[in-house]
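Visitor: Got a structure for you, written out below as structure tokens; questions coming shortly.
The values are calculated or read from the model by the stated rules, or taken from the named source; none is laboratory data. Quick caveat: nothing in here was measured; it's all calculated off a predicted structure. For neighbour counting, all protein chains shown are included, and Cβ atoms are generated from backbone atoms with ideal geometry for every residue, glycine included. The accessibility values were calculated without ligands, DNA or RNA, using every heavy atom of the protein model including side chains. Shrake-Rupley method; radii C 1.70, N 1.55, O 1.52, S 1.80 Å.
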Amino acid sequence: MKILTQNLKSGKTDILDVPSPTTSSNKISVSNIYSLISKGTESSIVNFGKVGWIDKARQQPDKVKDVINKIKSSGLLDTYKAVKNKLDYPMTMGYSAVGITTKAYEKYNLNKDQRIFTNSFHQEEALIDFNMCVEIPDDLDSKSATFGALGGIAMQSIKCIPDGSKDVVLIGLGLLGQITLRILRAKGYNCIVFDLDIKKIQLAERYGAIGVRENLTETVLNQTKGNGADSTIIAAASQSSDIINEATLYTKRKGKIISSGVVGLNLIRDNFFKKQIELVVSNSSGDKDHKGEGSSYQNIKHFFELISLNKVEVLDLISEETNLEKPDEIYLFPNNSMFFSKLIEYENTNRKPIQTLFKQNK
């Protein structure tokens with residue numbers, strides 16, 4: 001089978017031919033139909049591989065500290081070998097795919113050729129933990145379902161919003177931010193949004209957001225009659241801590257700031273102390289160790305329900321479709337800020353999935 005890999009030392013993208021996964025009684029065997037590339041998340045990894053050692057160190061200061069500590073404990077030579085081996089080893093890419101089961105799993109209520117969402121890498125075949133297999137409703141198309149991971153991440157951050165909240169500020173309108181906005185609007189929240197890119201703000205406004213182009217704090221306070229937002233969700237990616245610290249200025253007293261993106265956490269204590277603002281770092285798409293309340297499974301399942309009910313749409317966020325035939329072009333993105341994602345299609349696309357035959361456990 002073919003699998004997409006990235007070399008963190010050289011930045012080279014390769015398609016490797018590797019043996020198919022060995023079957024396992026505790027894993028679900030899947031033949032992939034599609035997988036989704038998130039431009040923001042995966043291009044950052046690719047760009048990291050292409051830069052020199054100094055820039056790598058600048059981008060990963062925490063990793064540099066780990067290396068220094070390892071040198072102290074294990075010596076320079078052993079540390080050098082460990083770092084070199086890690087950078088030389090091909091890194092598998094991807095975390096959001098749709099496939100069909102290759103056999104029946106009666107104990108899991110899964111039939112052969114059933115469509116499921118998984119956290120598979122970009123590869124033709126995969127073995128997946130049952131807890132990370134989400135059944136796709138019959139009325140949900142496979143391309144929309146590839147957004148399951150991002151929908152789960154968005155759902156997890158939204159679940160952190162306190163009960164009774166009405167006004168939510170959303171910072172960052174990349175792929176995760178756009179999906180978060182659409183779910184927020186489907187759930188009835190008033191959304192005030194900000195991004196450095198005006199085009200992204202305009203897209204969010206088409207889905208009912210109040211876009212802010214400047215004077216964010218002033219605008220939020222005006223929109224909330226001086227109270228401030230009940231919650232702020234930060235879906236941006238930045239090494240700076242300014243985004244979170246500034247959020248305290250327009251988040252209300254005893255409000256909540258939720259980070260679903262990756263931002264700096266060098267906090268100004270007084271800003272949080274004076275207004276008793278709570279900071280939550282959202283736990284990705286949720287707990288992946290079970291399928292109960294608070295799990296990744298439940299978040300993704302709920303996201304799929306919203307799409308099936310036509311309350312959320314995502315197909316317009318697919319900017320391009322590709323396959324594994326031209327690896328050098330997979331991570332080439334145009335200089336268009338509105339390019340959000342790329343869909344990889346596998347040869348299994350034409351296999352006809354069938355409905356589940358086993359009775360589903362409630």
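Visitor: Taking amide H positions as placed 1.01 Å from N in the peptide plane, with prolines and chain starts having none, which residues 5 or more places from Val193, or on another chain, fall under 5 Å of its amide H?
Guide: Leu170, Ile210, Gly211, Val212
Visitor: Using the Karplus curve 6.51 cos²θ - 1.76 cosθ + 1.60 with θ = phi - 60°, what ³J(HN,Hα) values do you get for each residue of segment 279-285, in whole Hz, with x for Gly and Pro?
Guide: Working through the residues one at a time gives 10, 10, 9, 5, 8, 6, 8 Hz.
Visitor: In whole Hz, what ³J(HN,Hα) sequence does segment 2-7 give by Karplus (6.51, -1.76, 1.60; θ = phi - 60°), x for Gly and Pro?
Guide: Values, residue by residue: 9, 9, 8, 10, 10, 8 Hz.
Visitor: Would you kindly find the accessible area of Tyr108, with a 1.4 Å probe and non-protein molecules such as ligands, DNA and RNA excluded, rounding to the nearest 10 Å²?
Guide: Counting only protein heavy atoms, Tyr108 exposes about 40 Å² to solvent.
Visitor: Which of the residue pairs Lys27/Lys288; Lys27/Lys326; Lys225/Lys275; Lys12/Lys288; Lys27/Lys291 have a Cα-Cα distance greater than 23 Å in the structure shown? Provide the component values of the computation, followed by the final result.
Guide: Numbers: Lys27/Lys288 14 Å; Lys27/Lys326 30 Å; Lys225/Lys275 17 Å; Lys12/Lys288 31 Å; Lys27/Lys291 15 Å.
Exceeds cut-off: Lys27/Lys326; Lys12/Lys288.
Visitor: Oh, and also: Under a Cβ-only charge scheme (Lys and Arg +1, Asp and Glu -1), can you give me the dipole magnitude of segment 214-277 about the Cα centre, in debye to the nearest 20?
Guide: Values: 8 positive and 6 negative charges, 85 e Å.
Dipole size: approximately 400 debye.
Visitor: Here is a follow-up. Out of residues 5 or more away from Ser259 or on other chains, whose amide H comes under 5 Å of its own, with H placed 1.01 Å from N in the peptide plane?
Guide: Close amide H contacts, sequence-distant or interchain: Ile234, Val280, Val281, Ser282.
Visitor: Hey, another quick one. Looking at segment 218-298, which trypsin sites (Lys or Arg not before Pro) are in a loop (DSSP not H, G, I, E or B) and have at most 12 other Cβ atoms within 10 Å? Before the final figure, lay out each step's value.
Guide: Working: sites: Lys225, Lys252, Arg253, Lys254, Lys256, Arg269, Lys274, Lys275, Lys288, Lys291; in loops: Lys225, Lys288, Lys291.
Here the trypsin sites (Lys or Arg not before Pro) that fit, given the DSSP loop and packing criteria, are Lys225.
Visitor: Tell me, how many Å apart are the Cα centres for segment 244-259 and for segment 132-198?
Guide: Between the Cα centre of segment 244-259 and that of segment 132-198, the gap is 19 Å.
Visitor: Run the reach check for Lys311 against aspartates and glutamates, Cα to Cα strictly under 14 Å, same-chain hits fewer than 8 apart removed. What comes back?
Guide: Filter leaves Asp139.
Visitor: Right, something else. In nanometres, what is the gap between the two model label sites at Asn323 and Lys12, each 7 Å from Cα along Cα-to-Cβ?
Guide: Once both label points are built, they end up 2.5 nm from each other.
Visitor: Each residue of segment 249-263 in turn: what ³J(HN,Hα) in whole Hz from Karplus with 6.51, -1.76, 1.60 and θ = phi - 60°, glycine and Pro shown as x?
Guide: Whole-Hz 3J(HN,Hα) from phi for segment 249-263: 6, 10, 8, 5, 4, 6, x, 9, 10, 10, 9, 9, x, 10, 10.
Visitor: Which of the aspartates and glutamates could a cross-linker span from Lys39 if the Cα-Cα distance has to be under 20 Å and same-chain partners fewer than 8 positions apart are dropped?
Guide: Candidates past the 8-residue exclusion: Asp14, Asp195, Asp197, Glu313, Asp316, Glu320, Glu321, Glu325, Asp328, Glu329, Glu345.
Visitor: Sticking with this structure for a sec: Quickly rank 185-192, 161-168 as a protection proxy: mean count of other C-beta atoms within 10 Å, highest first.
Guide: Details: 185-192: 17.9, 161-168: 15.0.
The peptides rank, most packed first, as 185-192, 161-168.
Visitor: So who's got an amide H within less than 5 Å of the one on Met91, skipping anything under 5 residues away but keeping other chains? H placed 1.01 Å off N, in plane.
Guide: Long-range HN contacts for Met91: Gln6, Asn7, Leu8.
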